[in-house]
Amino acid sequence: MMNWIWLGLLAVGIVTAAFTGRMEEITKAAFDAAKTAVELCIGLIGIMALWLGLMKIAEAGGLVQALARLMRPVMRRLFPDVPADHPAMGSMLSNIAANLLGLGNSATALGLKAMQDLQSLNPKKETATNAMVIFMAINTTAITIIPATVIGLRAAAGSAQPTSIIGTTLISCTTAMIVAVTTAKLLGRMRRFREVRDE
Amino acid sequence: MSDSLSQIAKEISSWAIPVIILAIVAIGALRRVKVYESFVDGAKEGFTVAVKIIPYLVAILVAIAVFRASGAMEWMIAALAPALEPLGVPPEVLPMALIRPLSGSGALGVMSEGLKTYGPDSLIGNMLSTMMGSTETTFYVLAVYFGSVAIRRTRHALPAALMGDLAGLTMAIFICNVVFG
C-alpha cells in the first residue's frame, strides 16, 4: 500500500507539473521537504531523550505499571496480542494520555517509546504487528480534549467564540478513532493483510 | 465563559508537564530508584531513535511536497467540488479535507487563511477549525512511528488510518452543518 501511495504522489505530481509548467517549483519543493524532514528529526532528539529518560524512572518506580493495571480491561481488548503486564501497555497508555492533554511533541516521544516496546514482541522486525496497526489507528486520529492550537488561531483571527468548536471537534475525532480502530481490527483478519505473509 | 475556558486550556498545558515530571521523579525517589542514573540510562537512546526516522520522513515529505507543488490538488478539487456540493460539502473546505492527512503545517496554513477570508465564526470558519482537529497528519505519524523501529511493511495501517480520516472529516462537515448551519 505504502509503495503505491508513494509512487502515486510522486508520479502524479511530476506529470501534473509537466502540464502546469511547475517543474522548477516541484524541484525546489522536493529539496526543501528533504531538508525539513531532517530538521524535524533533529528537533526530536532532545525531547526524545528527555521522555525516554523520564520513562525509565517511571518504569523503575512502578508508575507505568500502575497506569497499565488501571486500564487493563480496555487495553486487553484492544491489544489481545500484547501480554497484559508487558511494558508496551504502559507506554502506549502514557502516549494516549499525553495526546488527550494536547502535549504534541511529548506525546510523539512517548509513542515512539511504545513502538520500541511493541517491536520487542515482533517476530518479524520489518513487518508491522496487529498491535502496532491498532496503536497507529489510535495515533493517526489522536483525540485531544482541548484543541489548544486551533483555539489560539481562532482567537488570533478575532473570533467572538474561539472555543465554540470544542464539542464538534470532540465528536469528529471520536468518530475518526472508532472507525480507524474498527477498520484496523477487521482488515487484520483479511488474508491480504495477514501477519505472516511474505511479500 | 468561552474566555475562561480557553484560559483553563492554557493553564492545563503549562502545568501538565512540570507536574508530570515532578510526580515521576518524586515517586521514583520514594521507591528508592536511582533517579539520575535511570534518567541518563534511558535518555541515551533518544539520538538513535530520532536519527532512524530520517529516511522514512524524507521519503514521505518529498513525495507530498512534489504532489502539492504540482497543482494536482487544485485539479482534484475542481473535479470533486460539483459532485460534493449537493451533499452539503462547501467547495471552500475541500482544500482542507485533502491536505489534512498529508501535511500538518499545510493544513494550519489553509485554516488560518480561511479564518481570515470567511471569518472565524462563519459556518466555513467553524467547519475548517473542526476539520483541523478532527484527525491527525496521518502520513507524518505513520512515517515517524514506523520509521523509529525500521518497519517497512506497514500492512493495513495506512488503509485503516485513511478510513479514520475520511470518517472524521465527513463527521466534521456534517456536525458543523447541524450545529452552525
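The values are calculated or read from the model by the stated rules, or taken from the named source; none is laboratory data. In this text the structure is predicted, and so the values were computed from the model without any measurement. Note that we place each Cβ from the backbone using ideal geometry, even for glycine, and neighbour counts take in every protein chain shown. In case anyone asks, the SASA skips ligands and DNA or RNA and just uses the protein heavy atoms, side chains included. Shrake-Rupley method; radii C 1.70, N 1.55, O 1.52, S 1.80 Å.
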* Which ones in the stretch B:61-86 are open to solvent by 40 Å² or more (accessible area, probe 1.4 Å), within 14 Å of chain A (Cβ to nearest Cβ) and more than 20 Å from the chain's Cα centre (by Cα)? -> B:74, B:75, B:76, B:78, B:79
* To do: Starting from residues that are at pLDDT 95 or above and within 7 Å of chain B (Cβ to nearest Cβ), keep the ones in the stretch A:7-21 and report whichever is surrounded by the most Cβ atoms within 10 Å (Cβ to Cβ).
  => A:13
* To do: Specify which of the listed residues (B:45, B:74, B:92, B:85) is closer than 27 Å to residue A:147 by Cα and among the charged types (D, E, K, R).
  => B:92
* Structure fact -> Filtering the stretch B:29-54 down to residues that are at pLDDT 95 or above, part of a helix (DSSP H, G or I) and more than 7 Å from chain A (Cβ to nearest Cβ) yields B:29, B:30, B:36, B:37
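In this structure, does residue B:46 turn out to be on the phi > 0 side of the Ramachandran plot and surrounded by 14 or more Cβ atoms within 10 Å (Cβ to Cβ)?
Against the criterion (on the phi > 0 side of the Ramachandran plot and surrounded by 14 or more Cβ atoms within 10 Å (Cβ to Cβ)), residue B:46 does not qualify.
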* Looking only at the stretch A:49-87, which residues are open to solvent by less than 30 Å² (accessible area, probe 1.4 Å), in contact (Cβ under 8 Å) with a residue 40 or more places away in the chain and assigned to a loop (DSSP other than H, G, I, E, B)? -> A:79, A:82
* **Residues of the stretch A:49-85 classified as within 11 Å of chain B (Cβ to nearest Cβ) and touching a Phe, Trp or Tyr at 6+ places or on another chain (Cβ under 8 Å), total** => 5
* Take the stretch A:116-143 and flag every residue that is part of a loop (DSSP other than H, G, I, E, B), within 7 Å of chain B (Cβ to nearest Cβ) and crowded, with 18+ Cβ neighbours inside 10 Å. => A:128, A:140, A:141, A:142
* Asked: How about the stretch B:10-25: which of its residues are surrounded by 13 or more Cβ atoms within 10 Å (Cβ to Cβ) and over 14 Å from residue A:55 (Cβ atoms)?
  -> B:10, B:12, B:13, B:16
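Of A:111, A:46, A:90, which residue is touching a residue at least 24 places away in the same chain (Cβ under 8 Å) and either in contact with a Phe, Trp or Tyr (Cβ under 9 Å, 6 or more places away or on another chain) or open to solvent by 10 Å² or more (accessible area, probe 1.4 Å) (or both)?
That would be A:111, the only listed residue that is touching a residue at least 24 places away in the same chain (Cβ under 8 Å) and either in contact with a Phe, Trp or Tyr (Cβ under 9 Å, 6 or more places away or on another chain) or open to solvent by 10 Å² or more (accessible area, probe 1.4 Å) (or both).
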* Subset of the stretch B:87-129 that is among the polar types (S, T, N, Q) and over 19 Å from residue B:66 (Cβ atoms) - its residue that is surrounded by the fewest Cβ atoms within 10 Å (Cβ to Cβ) -> B:117
* Asked: Looking at A:160, A:156, A:148, which is the one that is within 7 Å of chain B (Cβ to nearest Cβ), of a type outside the set (Phe, Trp, Tyr), open to solvent by 40 Å² or more (accessible area, probe 1.4 Å) and more than 26 Å from residue A:41 (Cβ to Cβ)?
  -> A:160
* Asked: Of the conditions (1) closer than 30 Å to residue A:156 by Cβ; (2) touching a helix residue (DSSP H, G or I) at 6+ places or on another chain (Cβ under 9 Å); (3) facing chain A (nearest Cβ under 7 Å), residue B:58 fails just one. Which one is it?
  -> (1)
